[in-house]
Amino acid sequence: MTRAEIETLFARRDRAIQRRDAAAVTAFYAADAVVESPTAGRVVQGREEIEAVFRTWFEGFPDMTFTGVSLLIDGDRAAWIAEVHGTDSGGFLGLPPTLKPFKLPILMLCMLRDGAIVHERRIYDFTGMLIQIGVLKAKPM
């Protein structure tokens, strides 16, 4: 893929994320893509499982926004850096809503092939986010 094609793919994916359209976001992944996600707690493979991870976020945080900070491209690899904001008003991971907000920097390292994301590793402070929304308690220092 050319740099311009990668930039276009991520711009289109960003718009689908902002619409909270899990199916549309997942269409940017190869049918057999692999995603390493702290939310899933494991590696997920295939559009159906990847869509389920996106849906978990979109349903748990209906007001969630992703603000892209940088897109770094090197050949067939891209690093997407963003900040995520939201409020736990939908109940995250099947838990009752806490109505507490969170703010989270996130990094997605992606490998691309044939116009699609084939591998993605998501790096963010999942535990810190759970503390912010009140699902976990931190012991004072």
If a residue has to be within 22 Å of Y29 (Cβ to Cβ), part of a loop (DSSP other than H, G, I, E, B) and touching a residue at least 24 places away in the same chain (Cβ under 8 Å) to count, how many in segment 73-130 make the cut?
4
Of all the residues that make up segment 76-103, how many are among the hydroxyl-bearing types (S, T, Y) and either over 17 Å from the mean Cα position of the chain (by Cα) or surrounded by fewer than 13 Cβ atoms within 10 Å (Cβ to Cβ) (or both)?
2
Give the residue that is modelled with the lowest pLDDT, with candidates limited to residues of segment 60-75 that are surrounded by fewer than 16 Cβ atoms within 10 Å (Cβ to Cβ) and farther than 23 Å from M111 by Cβ.
T67
Give segment 3-42 a look and list any residue that's part of a strand (DSSP E or B), without any contact (Cβ under 8 Å) to a residue 40 or more places away in the chain and hydroxyl-bearing (S, T, Y), or say none.
none
In segment 24-58, residues that are over 13 Å from the mean Cα position of the chain (by Cα), farther than 16 Å from C110 by Cα and surrounded by fewer than 16 Cβ atoms within 10 Å (Cβ to Cβ) total 3
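The values are calculated or read from the model by the stated rules, or taken from the named source; none is laboratory data. Just so you know, these numbers come straight off a predicted model, no measurement behind them. A quick note on method: Cβ atoms are made from the backbone with ideal geometry, for glycine too, and the neighbour counts reach across all protein chains shown.
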